[in-house]
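The structure under discussion appears below in the form of structure tokens.
The values are calculated or read from the model by the stated rules, or taken from the named source; none is laboratory data. Everything numeric here is computed off the predicted structure, so don't read it as measured data. Cβ placement follows ideal geometry from the backbone for every residue including glycine, while neighbour counts extend to all protein chains displayed. Ligands, DNA and RNA are excluded from the accessible area calculation, which covers all protein heavy atoms including side chains. Shrake-Rupley method; radii C 1.70, N 1.55, O 1.52, S 1.80 Å.
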Amino acid sequence: MTQGDAALLDVNRLSLDFGSPRGRVHALRDVTVSVPKGRIVGVVGESGCGKSTLAFAIIRLLAGNAEVTGGEIVFEGQNLLDLNARQMRALRGQRMSMIFQDPMTALNPIRTIEQQMVDIQYRAPGGQAGKRRHAAEALDRVGIPDPESRLQAYPHQFSGGMRQRICIAMALLVEPALLLADEPTTALDATLEVQIIDLLKDLQRDIGCSVLFVSHHLGTVAELCDDVVVMYAGEVVERGSVRDIFNNPGHPYTQALLQCDPGRIRERTRHLPTIPGNVPNLLGMPRGCIFKDRCPHVFDRCRHERPAHHAIATDGHTASCHLLDQTAEAPA
Amino acid sequence: MWLYLVRRLFLAVAIVVLAVTLLFVMIHAVPGDPAAIILGPRATPELKAALHAKMGLDDPLPVQILTFFADVVRGDMGTDVFTQRPVSRIVLGQLPFTITLILTSIAWAALVAIPLGCYSAIRRNTMIDKVTGVLSVGTIAIPSFVMALYALLIFAVLLKWLPAIGAGQGGLWDAIRHLILPALAVGIGWVGYISRIVRASMLEILGENHVRMARAFGLPERRIVFRYALPLAILPTVTVLGVGMAHLLSAAVFAEVVFARPGIGGLIVTAVNTRNYPIVMGTVLVTTGLFVISTTIADLVNAMLDPRVRESL
């Protein structure tokens, strides 16, 4: 999926550990993700697979016990891991911004919407009145009725869906090159989810920014994204265009994930399908394939050797599974 | 808002009635006949009986309580058994000394402790954080009267920098010099206490989502701390300070006794020792009132800081 020079963000073989009292948790291992200019890249996977960690690692807002052990994050030609705190802060809210999972807690409860929206424009030239007008325009664009007077309100006077709209308005007010969206619809109900996704899609088209969209919801990813990265237990197991991933999933995990999507179930059933087993413990370095304990197609090689990414089609669709290795003989 | 104040007023009355009633019951459980103590060992039974009748001690307890409140409503808090002066005048005469002491103590404690707590939270696990942590626990653990005694010994007796007793005669400067040691002794435990509370709530707020969001927009750390986190982190401290007035009153009692300062504290100790019931009642009435006022002020300050509280008033 590497589009060469067109990429805005290139995460190359990023590995990241969390220090914990019981040992080091290898939260990300050799994660490679590329976000081309103007495209929307979805990151999907179960809870705890490291997809949010990836987003926070890019904007470098992880907890203090996180430690990058390898790889690089190249954004607009510079490795973000080489930047000091001041240089990194200059990028945040300027070249990149973020939408968070829980709109109920993302806004400061004792500052008005206006104060918070004007605050984030602190680097922009112009006076208070101009920044206020910008804020009102941004609210209007995300569909907040009567934005002029709503600027005076506090976050608790809005519903969850409205608060997420405000967060989106703020994230896009700064016209970033890259928008990181960390499960922005998870805390909202289904009807709101559709509205928010449509809104994001429209605004992205207007502004032309790139988006890294983190979600566990396959439906929203299919709806919104151009490319998809499937993560499992801290590793990228498959990547490709939305069409490739959904029509021709290569990795057994992606296949299982798609089978579990209630929206794709054709026959009537009383039992929703699940993937048996749990995400493996990431405390020790795993041997072999990360998915071997839950994989229906597991064979001997999976237990000893970590699979490399194998191309499925020529357009950059790859998956890390020994079954796709054309050079080896088929398993018995 | 007005509804809140009316509700608060009713609550205040309820608290005062409850406190005074409790005190009546407790005083009656304490052995020792006030008349015998007041009149001395050679008093005749007739004199005692006369004094009992005058103080209303022969009435059943509920009647005494009701009589007391009826008098208070009329603005009469009784008369001092010894001097025959009105209790209200005596108590209100001593009140400014105590209020000055408490406000000075809490003000300097808060002014030192809030920045200290903030600093410890921002630079957590550094040397300064650890040192203030240990010192805080130390000052919280040492009772204020021990602090008062050592402050007296070191600064007044050994070093002779400051006067040892009294509240000073004439002149603002003299009054201030007399206030320093008691305020130091009363406030120092609060420095530790408040700085710990501020540190804990600051750490909690700095870990919250909205702070992370502010950081994701690249806001300067200084602005995040002072505009986004501190006004929120200060809320529990304001409540604690409001309730803490009660605690400070008892700390002030010790300080006033140790430094022989005029004030409510010295007054109540003497009154209890001499079974001077009207003074005891009057003092408790006033201090309970002070407590209600200080918690109300704390609530109002919180409402000023937090729009969510403002709406719930």
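Taking the C-alpha atoms only, the angle from helix B:172-206 to the longest principal axis of chain B is near 50 degrees. Among B:Ser144, B:Ser105, B:Ser136, the largest mean-square fluctuation in a Gaussian network model of chain B (Cα springs under 10 Å) belongs to B:Ser136. Angle of helix B:45-55 to the longest C-alpha principal axis of chain B, folded into 0 to 90 degrees and rounded to 10: 50°. Looking at the square roots a ≥ b ≥ c of the eigenvalues of the Cα gyration tensor of segment B:94-311, which shape do they give, rounded for a/c under 1.5, prolate if a/b is larger than b/c, or oblate? Prolate, since a/c reaches 1.5 and a/b exceeds b/c.
By DSSP, what percent of the beta bridges with both residues in the protein assembly as shown are antiparallel, rounded to the nearest 5? About 65 percent, rounded to the nearest 5.
A:Asp140 exposes around 100 Å² of accessible area when a 1.4 Å probe is run over every protein chain in place.
Based on alpha-carbon centroids, what's the gap between segment B:123-191 and segment B:248-269 in Å, whole number please? That distance is 15 Å. Using a probe of 1.4 Å on the protein chains alone, the accessible area found for B:Arg212 is around 80 Å². Of the solvent-accessible surface of the protein assembly as shown, computed with a 1.4 Å probe over protein heavy atoms with every protein chain present, carbon and sulfur atoms account for 61 percent.
Chain A against chain B buries an accessible area of about 2300 Å², both chains summed, 1.4 Å probe radius. Computed from label points 7 Å out along Cα-Cβ, the spacing between B:Thr83 and B:Leu162 is 2.7 nm. Springs between alpha-carbon pairs under 10 angstrom, Gaussian network model over chain B: which of B:Leu206, B:Leu300, B:Leu219 fluctuates most? Comparing B:Leu206, B:Leu300, B:Leu219 in a Gaussian network model of chain B, the most mobile one is B:Leu219.
The 1.4 Å probe gives accessible areas that order B:Trp161, B:Trp2, largest first, as B:Trp2, B:Trp161.
Taken along its three principal axes, the alpha carbon spread of the protein assembly as shown comes to 119, 57, 54 Å, from the longest extent down to the shortest. Remark: relative contact order (chain B) = 25 percent; criterion is Cα-Cα distance under 8 angstrom and separation of 6 or more residues. Dividing the summed helix terms, -39500 (n - 2.57) for each DSSP H run of n ≥ 4, by the number of residues in the protein assembly as shown produces a 222 nm estimate of -16500 deg cm²/dmol to the nearest 500.
The modelled label-to-label distance for the pair B:Asp76/A:Ala63, using points 7 Å beyond Cα in the direction of Cβ, is 6.8 nm. Label-to-label distance, B:His247 versus A:Ile207, with points set 7 angstrom from Cα along the beta-carbon direction: 4.7 nm.
For B:Met304, A:Met96, give me the order by solvent-accessible area with a 1.4 Å probe, most accessible first, ignoring ligands, DNA and RNA. Could the numbers behind the result be given before it?
Working: B:Met304 145, A:Met96 0 Å².
From most exposed to least exposed: B:Met304, A:Met96.
Since only B:Val225, B:Pro278, B:Thr83 are under comparison, the one whose Cα sits farthest along the positive direction of the charge dipole of the protein assembly as shown, derived from C-beta charges on Lys, Arg, Asp and Glu, is B:Thr83. Loop-located chymotrypsin sites (Phe, Trp or Tyr not before Pro) in segment A:80-163 (DSSP state other than H, G, I, E, B) with a sparse environment of at most 15 neighbouring Cβ atoms within 10 Å: A:Tyr122.
Computed from point charges on the beta carbon alone (+1 for Lys and Arg, -1 for Asp and Glu), the dipole magnitude for chain A about its Cα centre is near 600 Debye. Once each of the GluC sites (Glu not before Pro) sitting in a DSSP loop with at most 15 other beta-carbon atoms within 10 Å is removed, chain A keeps A:77-266 as its longest stretch. Could you compute the FRET efficiency for B:Val25 and B:Val240, with r as their C-beta to C-beta distance and R0 at 41 Å, rounded to 0.05? Using R0 = 41 Å, I get an efficiency of 0.90.
If each residue of separation counts as 0.36 nm, what is the full-extension length gain between B:Ala14 and B:Ile122 once their alpha-carbon separation is subtracted?
Working it through step by step, the gained length comes to 34.6 nm.
With respect to chain B, whose longest principal axis is taken over its alpha-carbon atoms, helix B:2-29 is tilted by about 50°. In this calculation the C-beta distance from A:Leu283 to A:Glu137 is compared with R0 = 56 Å, giving a FRET efficiency of 0.70.
Scanning chain A for cysteines with no neighbouring cysteine C-beta under 4.7 angstrom from their C-beta gives A:Cys49, A:Cys167, A:Cys209, A:Cys225, A:Cys260, A:Cys295, A:Cys321.
In the full protein context, the protein assembly as shown carries 48 Å² of accessible surface per residue, based on a 1.4 Å probe and ignoring ligands, DNA and RNA.
Alpha carbon centre of segment A:156-186 versus segment A:218-259: separation in Å? Here the two parts' Cα centres lie 25 Å apart.
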